[in-house]
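To keep things clear, I will list the structure first and then write my remarks on it.
Read-outs throughout are calculated quantities, based only on the coordinates presented, and are distinct from any laboratory measurement. Values in this document were obtained by computation on a predicted structure and should not be read as measured data. Cβ: placed from backbone, ideal geometry, glycine included. Neighbour counts: every protein chain shown.
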Amino acid sequence: MKTLDLRMKAIIASLVVVLGITGYIHQLPKNAINVLVDGQVVGNTLLQEETENLVGTLIASDLEKGPYKLIAKSSVTFEPVTIKKENFTDPEDLKTAISDALLYNALGQTLTIDGESFMTFGSLDETEKFLTSVKSQFLQNNEVIVSAEYVENIQVIEEEVELSSIVSYDQAWNAFIEGKDELLTYKIAPGDTTWDIASKFDMYVSDIAAANPEIDIELLQIGQEIKLNIPMAFINVRTVTSEVIEEAIINKTVYEKTNTMYVGESKLKKEGVDGKKVLEVERISINGVLEEQVVLSEEIVSEPESTVILSGSKWREVASSGEFIKPTTGSITSRFGMRWGRLHAGIDIGTKIGTPVKAADHGIVTKVGYISGYGKTVILDHGNGRTTLYGHLSGYNVQVGQSAAKGTVIAYSGNTGNVTGPCLHFEVREKGTPIDPLKYVDLKK
C-alpha cells in the first residue's frame, strides 16, 4: 500500500509539471498577422486568406447597399507580427473594425455652368430632376413652348468624388433659389423715380436706400448712377413661346366745337366702342421676364368707333374788373418770353410750397386738375375770351363751375410738373393766345 501511494504521488507530481510547462508554452509570444486599413492597424489574425475573403465580402456588401455608386477607396494590407495570446483580436471585433475603417468614394454627376462646377449629385436621375425643375418654373400651361434653353453652357460630368461633396436635390434647389448677389449700377433716366426703379428690378425701395447710404434717393438727378444689389440666378432660362391673343383697339376721342356751350364745358355726344384684333405673338423671355415680343400676324375683327364729345366755344360774360392783382406773394423768377428755344407763356413767382394762390380777377373755374408740364393746375374764365392759368400747385381750394371773386384763395403754390423749384406759374390768355401777364397785373396789389 505504501508503494502504491508513493507511485500515485509521483504521477500527480508529473502531471503538475506537465501542466505547468503547458501553461508556460501558451503564454509564450506567437506568430500572427496584423491587419492594416490605409496603413492603420485595426486588429490581427492567424488566418490571412480567410481575412482577405472577409474584406472582399464587406466591400461587396457596402457597394450594394449604398444610395450611390460607390468606389472602394481603402487599401487593406497584412504584416507578420509576434504577439501574446491575450492580445489576439476577437474575430467579430476584427470584422467590425475593418468595416468601420473602410472608406469609399462615389461615382458622382457634377453639374457645370460655363465650365465651373456648381453641384455634384449622386445619380443622373437627381441631376435631371433638378434641371427639369429649373426649366419648368418658367413654363406656363397656357403657352405653346417653341423652345426652352439655358442661357449658360450646362454640362453634366460623371466623375469620382468624395461622398461629402454630394448634395441632395433639396440642397441644390435651395442654393439655386437663394441665387447669388451681383453688384450692378443703374444710371438715372428722365422721368425715373425710386419707386419706378424698384418696380423695374423687382426690389424694395429700402433695398436701394441700403445699397446707397451716401445718396438721398428721393433727390435723384438725371445721369446719376446708383448701386443695385440684385440677386442673380446661377442658371438662366431663355424661353420662346407663341400665343394667339385677342386685343382691344382702343377707340379715339374726338371733340366737336359747339357755340351752345361755354368754353370749358363739355358733354358726351356719342359713346365710343373699342374694336378687336387677333394677334399671333412670339415672346422671348429670360427667367419668365419678357425681353422681346414679336407680332407674327394680325387680323382686325372689328373696327373701333370714336367717342364724340361736344366742347363749348362760347365765351362767358363775367363781371370781371379787367385789372388783375398779383395772385401770390414772392418775387418774379422767370418772365414771359422765349426761354431755352421755346415760349415761356407766363411768369413764375417764386414762393414757398403751400402759399395761398388768389384769383387775379372775378371768374368761373373751368379747370381743376393735372396738366402735363404744368402739374396741378387751375384755370379761370374771366369772360370775353380772357382766361388765367395757375400752375405748379400743391393743392386746390375750388371746383369746376364754381364762381371765384377777385382775391379769393383758389389754390396753394407747389412744385408739381416740370419745375426747377417751388413757384407759381401764372398765365393770361386772350382767346387762347398767351399775353404777357405784366400788361395786366398790378404788382403792388
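So here's what we get for this one:
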quantity	calculated
Radius 15 Å from Cβ of G350, net charge of other residues (Lys, Arg +1; Asp, Glu -1)	+2
Local net charge near W173, Cβ-Cβ under 11 Å (Lys/Arg +1, Asp/Glu -1)	-2
For Y374, distant residues with modelled amide H under 5 Å away	N418
Amide H contacts of T333 (H built 1.01 Å from N, under 5 Å, at least 5 apart or other chain)	D348, I349, G350
Value in Å of the Kirkwood radius, where segment 31-181 supplies the Cα pairs that are averaged	18.9
Loop-located chymotrypsin sites (Phe, Trp or Tyr not before Pro) in segment 70-136 whose Cβ has at most 16 other Cβ within 10 Å (DSSP)	F88
Proximal charge balance of A101 [Cβ under 13 Å; K/R count +1, D/E count -1]	-2
Over the chain: helical MRE at 222 nm, DSSP H runs n ≥ 4 each giving -39500 (n - 2.57), nearest 500	-6500 deg cm²/dmol
Eligible aspartates and glutamates near K314 by straight Cα distance, threshold 15 Å, same-chain separation 8 or greater	E256, E265, D381, E430
Shape of segment 182-230, Cα gyration tensor, a/c cut at 1.5	rounded
Of K187/K376; K352/K406; K267/K358; K73/K129; K227/K376, pairs whose Cα-Cα distance is over 25 Å	K187/K376; K267/K358; K73/K129; K227/K376
Cα Rg over Rh - segment 108-178, Kirkwood	1.01
Using alpha carbons only: equivalent-ellipsoid semi-axes of segment 324-442, gyration tensor based, whole Å	19, 17, 13
For the chain: relative contact order, % (alpha-carbon pairs under 8 angstrom, 6 or more apart)	9
Translational diffusion coefficient (Stokes-Einstein; Kirkwood radius from C-alpha pairs) of the chain at 20 °C, 1.002 mPa s, in µm²/s	66
Cα gyration tensor, segment 48-97 - rounded (a/c under 1.5), prolate or oblate	prolate
Cα-based shape type of segment 177-260, given that a ≥ b ≥ c are square roots of the gyration tensor eigenvalues and the cut on a/c is 1.5	oblate
DSSP-assigned coil residues among GluC sites (Glu not before Pro) in segment 78-151, each with at most 15 further Cβ atoms within 10 Å	E143
Footprinting exposure proxy for T51, T112 (fewest neighbouring C-beta atoms within 10 Å first)	T112, T51
